[in-house]
Amino acid sequence: MTEIDTSVPHSARIWNYWLGGKDNYPVDEAAGDAYTAVFPGIVTIARSSRAFLGRSIRYLVQEAGVRQFLDVGTGLPTVDNTHEVAQRFAPESKIVYVDNDPLVLAHARALLTSTPEGATSYEDLTLYEPEKVLDAASRTLDLSRPTALILSGILGHVTDYDLARDLVRRLVAGLPSGSYLCVNDGSRGTDPDYEQAQDAYNETGAVPYMLRPVDRIEAFFEGLELVEPGVVSVPLWRPDGDAAPAPIGQHGGVGRKA
């Protein structure tokens with residue numbers, strides 16, 4: 001297995017740090033603190049993205065009746081992972097996680113447990129291998145039955161937009177009617193300070209993460225029926241409570257395959 005390098009900051013560990021997790025190192029905390037010094041709102045974005053993931057999975061289980069989840073680019077396990085939310089409401093839910101990061105792999109095997117009624121598995125593959133992902137997922141999931149594909153904060157790492165569209169299409173093509181796509185990703189057009197901070201981060205030589213205009217995020221759902229309220233800033237997607245949340249530079253939505 002690839003050795004984990006703790007001498008340079010790592011995006012998954014920085015994200016984990018912003019989420020309040022413990023799976024990070026001083027170099028990640030330093031990078032995370034440097035980013036928040038420029039743009040403190042990144043912590044809100046990280047936590048709002050996670051909250052959207054929880055609300056969307058709750059919708060998929062409770063309202064859409066989905067019991068199978070394929071979470072590609074899962075990142076480091078934190079609080080309320082996909083299987084924890086899904087199995088809280090439907091213990092028989094089955095979840096397949098996909099990532100190819102050795103750090104994520106090391107933690108996933110220890111943390112991604114399951115209810116006795118359900119199942120979870122972890123596949124060491126990348127988003128760039130959609131057919132292999134689907135084949136591996138079929139060992140745990142019945143891909144003749146509706147399945148929710150989760151792409152949370154991963155598509156921005158695919159710098160070529162046309163390739164990102166193609167990868168989503170190929171994954172969705174392998175799922176049956178009644179399946180769902182759930183995407184949330186960094187966006188342009190809402191928060192100029194976030195855009196400036198992320199553009200500066202991308203120029204440091206770190207693994208880039210591309211913020212995209214909202215219409216480009218919407219286009220990932222081409223051919224699908226968007227669930228209300230469509231693709232919106234993630235705090236605005238079926239928020240809990242009565243307070244009107246403020247929009248941030250992270251957009252997401254859920255779409256159904258007819």
Checklist outcome for this item: For Asp28, the lone unmet condition from (1) of a type in the set (Asp, Glu); (2) more than 18 Å from Pro77 (Cα to Cα); (3) open to solvent by less than 70 Å² (accessible area, probe 1.4 Å) is (2)
Item to check | Meets criteria (more than 17 Å from Ala12 (Cβ to Cβ) and touching a residue at least 60 places away in the same chain (Cβ under 8 Å)) for Ala148 | outcome: yes
Checklist entry - For region 1-23, what are the residues that are part of a loop (DSSP other than H, G, I, E, B) and free of Cβ contacts under 8 Å to residues at least 60 places away in the same chain? => result Asp5, Thr6, Ser7, Val8, Gly20, Gly21, Lys22
Checklist entry - Which residue out of Val96, Val66, Val104, Val72 is over 16 Å from the mean Cα position of the chain (by Cα) and open to solvent by less than 20 Å² (accessible area, probe 1.4 Å)? => result Val66
Next on the checklist: Between Thr120, Thr159, which is part of a strand (DSSP E or B), open to solvent by 10 Å² or more (accessible area, probe 1.4 Å) and touching a residue at least 24 places away in the same chain (Cβ under 8 Å)?
Outcome noted: Thr120
Item to check | Options Leu151, Leu211, Leu171; residue that is closer than 19 Å to Val231 by Cβ, under 13 Å from the mean Cα position of the chain (by Cα) and surrounded by 15 or more Cβ atoms within 10 Å (Cβ to Cβ) | outcome: Leu151
Checklist entry - If Arg145 passes every condition in (1) open to solvent by 30 Å² or more (accessible area, probe 1.4 Å); (2) touching a helix residue (DSSP H, G or I) at 6+ places or on another chain (Cβ under 8 Å); (3) under 24 Å from Glu225 (Cβ atoms); (4) of a type outside the set (Gly, Ala, Ser) but one, which one does it miss? => result (2)
Next on the checklist: If I filter region 218-234 down to residues being closer than 15 Å to Arg58 by Cα and touching a Phe, Trp or Tyr at 6+ places or on another chain (Cβ under 8 Å), which single residue comes out as surrounded by the most Cβ atoms within 10 Å (Cβ to Cβ)?
Outcome noted: Val234
Next on the checklist: Against the definition (under 23 Å from Arg55 (Cβ atoms), in a helix (DSSP H, G or I) and modelled with pLDDT of 95 or more), how does Val168 come out, yes or no?
Outcome noted: yes
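The values are calculated or read from the model by the stated rules, or taken from the named source; none is laboratory data. Remember, it's a predicted structure, so these values are computed and weren't measured experimentally. No Cβ is skipped: glycine too gets one built from the backbone with ideal geometry, and neighbour counts run over all protein chains shown. Accessible surface is based on the protein model in full, side chains and every heavy atom, while ligands, DNA and RNA are left aside. Shrake-Rupley method; radii C 1.70, N 1.55, O 1.52, S 1.80 Å.
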